[in-house]
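To keep things clear, I will list the structure first and then write my remarks on it.
The values are calculated or read from the model by the stated rules, or taken from the named source; none is laboratory data. This is a predicted model, so every value here is computed, not measured. Neighbour counts run over all protein chains shown; Cβ positions are idealised from the backbone, glycine included. For accessibility, only protein heavy atoms count, side chains too; no ligands or nucleic acids. Shrake-Rupley method; radii C 1.70, N 1.55, O 1.52, S 1.80 Å.
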Amino acid sequence: MGRLDNKVALVSGGARGMGQSHCRLFAAEGAKVMVADVLDDEGAAVAADIGPNAVFQHLDVTREEDWAAAIDAVMENLGRLDILVNNAGIAESAPLADLTLESYRRVTEVNQTGVFLGMRAAVRPMTESGGGSIINISSIDGMVGMNNLTSYIASKWAVRGMTKTAAMELAHLGIRVNSIHPGFIRTHMGSSDAKTPEEVHEHLEVYSARMAPMGRAGGPEEISRLALFLASDESSYSTGSEFISDGGFTAGYPNPGVNPV
Ligand code: NAD
């Protein structure tokens, strides 16, 4: 018996990083999964590797017409929709005084508008399926601030707020809505032409060793296990809530007199 038997999940940003990890774990627990991403080759390869319980769908979360097509495809090919993970996200860093409007709009369009469009698109099919679970991926940057990340912080706080409003509106339909707030996780995020993912991960380890009580960065699978709990009926009394998984990063800051950093 899998923990998601007979359920159908759509995961945005499923081609890489945490989204890919969620797709793999959900399928291993019995769900049928739609891997949805702008990265067609990588997404299709992930779905093929998972096997017959996964399909790939091109989805740019900023486009209404892509969401409509994805919902049509999930209902037509997989028959229902029980779980939506609004996971797709991007980050761009700049000091406030240098942050361009284009960059600000790019980040909020994907991370904030994309989550709004995804939640809105899921209401009808989840209602038809008798309810569901929407999991919005925010960040510890939706709990606190961080320098040089104005657009990202704005988008992740917005996700945290929208989650609560949607939870209030959709509870009577049997749809639960919660947010996950990961700490520093080893994925593709932060990498670029100039910096490989491995270089970024090394930096995260050094930073986390100093700043997080658990002294290390996290792995995507550690967030997937939390997403699995929220996707499954085990979290049946949770809605409108924040679930932090960050190695203790936001628990507080070290006392410099006792624990020098
Ligand atoms: P990642 O870069 O490895 O994966 C992000 C995925 O989103 C990629 O597959 C990418 O193609 C996809 N994507 C980007 N724009 C898209 C769009 N417009 N439409 C559809 N798909 C799109 O990053 P990740 O770390 O796995 O990030 C997953 C989520 O977790 C993001 O929302 C991110 O903000 C959040 N998060 C990451 C960390 C971290 O430390 N890595 C921490 C907290 C929160």
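Here are the numbers:
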read-out	value
Probe 1.4 Å, protein heavy atoms only - accessible area per residue of segment 2-149 in square angstrom	41 Å²
Nonlocal amide H pairs with Leu84, under 5 Å, H built at 1.01 Å	Leu10, Ser133, Ile134, Ile135
Lysines with Cα under 25 Å of Lys195, excluding same-chain neighbours fewer than 8 positions away	Lys156
Summed side-chain charge close to Met146 - residues other than Met146 whose Cβ falls under 14 Å, Lys, Arg +1, Asp, Glu -1	-2
Over the chain: helical MRE at 222 nm, DSSP H runs n ≥ 4 each giving -39500 (n - 2.57), nearest 500	-13500 deg cm²/dmol
Surface/4 of the Cα convex hull for segment 96-210, nm²	8.7 nm²
Spin-label pair Asp49/Ala69, simplified geometry with 7 Å Cα→Cβ offset, distance in nm	2.5 nm
Convex hull of segment 1-61 built on C-alpha atoms - directionally averaged projected area, nm²	3.5 nm²
Volume per residue of the C-alpha convex hull in the chain, rounded to whole Å³	133 Å³
Percent accessible area from carbon and sulfur atoms, segment 86-174, protein chains only, probe 1.4 Å	58 percent
Fully extended contour minus Cα-Cα distance, from Met214 to Ala94, at 0.36 nm per residue	40.4 nm
Segment Glu128-Tyr253, extension gain: residue separation times 0.36 nm, minus the distance between their alpha carbons	40.4 nm
For segment 190-261, fraction of C-alpha pairs farther apart than 13 Å, in %	74 percent
For segment 42-94, fraction of C-alpha pairs farther apart than 18 Å, in %	42 percent
Computed Kirkwood radius, in angstrom, where 1/r is averaged over Cα pairs of segment 5-126	14.6 Å
